[in-house]
Amino acid sequence: MNVVTDLGERRRKKQWKFERSMLRTLSIDDMRKDVHDQFFHNLVGQSVGKLYLIDYCLDIGIDAYLLGSEYGRFGYFGESQERVQERCKEELETYIGQTTSQFSSWFSLTEEEERIQWEKSRVFILRWWNKGFQEGEKKFRLRLH
């Protein structure tokens, strides 16, 4: 009996399995605290916009973490973290731009405030990309992928 396997489906399943294993190492509480410290440390109270933006930042942080973990294999094979980060620069810039746009649309930021928000977003995204990269590299080093 011959079994025909769809290679694309097999890759997707392997990717999902890897992402699930990476998400087990991620602390959402730590990320939530980081979101609050990075973006909302001077805002008081709960509003619909703030709750939405917290969830949005968590989603983007998780995406950055998973992207970094996926690129961790290049670190395992000897490439520097900075060089690997250049490989996915476009995706990271997209995440940073989207996060800045979300804050701009909710809070009607001035040009200066938008520049500050862009920098905060960049720091947040890169921090979680780096954490994902390190965890992914460790997983490949330990051959847990």
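The values are calculated or read from the model by the stated rules, or taken from the named source; none is laboratory data. Keep in mind that what you see is a predicted model, and the values were worked out from it rather than measured. Every residue, glycine as well, gets a Cβ built from its backbone with ideal geometry; the counts of neighbours run over all protein chains shown.
Worth a mention:
- Subset of segment 85-125 that is without any contact (Cβ under 8 Å) to a residue 40 or more places away in the chain and of a type in the set (Lys, Arg) - its residue that is surrounded by the most Cβ atoms within 10 Å (Cβ to Cβ): ARG122
- Test: residue in segment 57-73 that is in contact with a Lys or Arg (Cβ under 7 Å, 6 or more places away or on another chain), without any contact (Cβ under 8 Å) to a residue 60 or more places away in the chain and either buried (at least 16 other Cβ atoms within 10 Å of the Cβ) or farther than 14 Å from GLY136 by Cβ (or both): yes
- Number of the exception - VAL3 against (1) modelled with pLDDT of 90 or more; (2) more than 30 Å from ILE116 (Cα to Cα); (3) not hydroxyl-bearing (Ser, Thr, Tyr): (1)
- Listed by first and then second residue, the pairs with beta-carbon distance under 8 Å, at least 6 apart or on different chains, first residue in segment 21-50 and over 22 Å from LEU67 (Cβ atoms), second at pLDDT below 90 and in a helix (DSSP H, G or I), are PHE40/LYS50; LEU43/LYS50; GLY49/TRP106; GLY49/PHE107.
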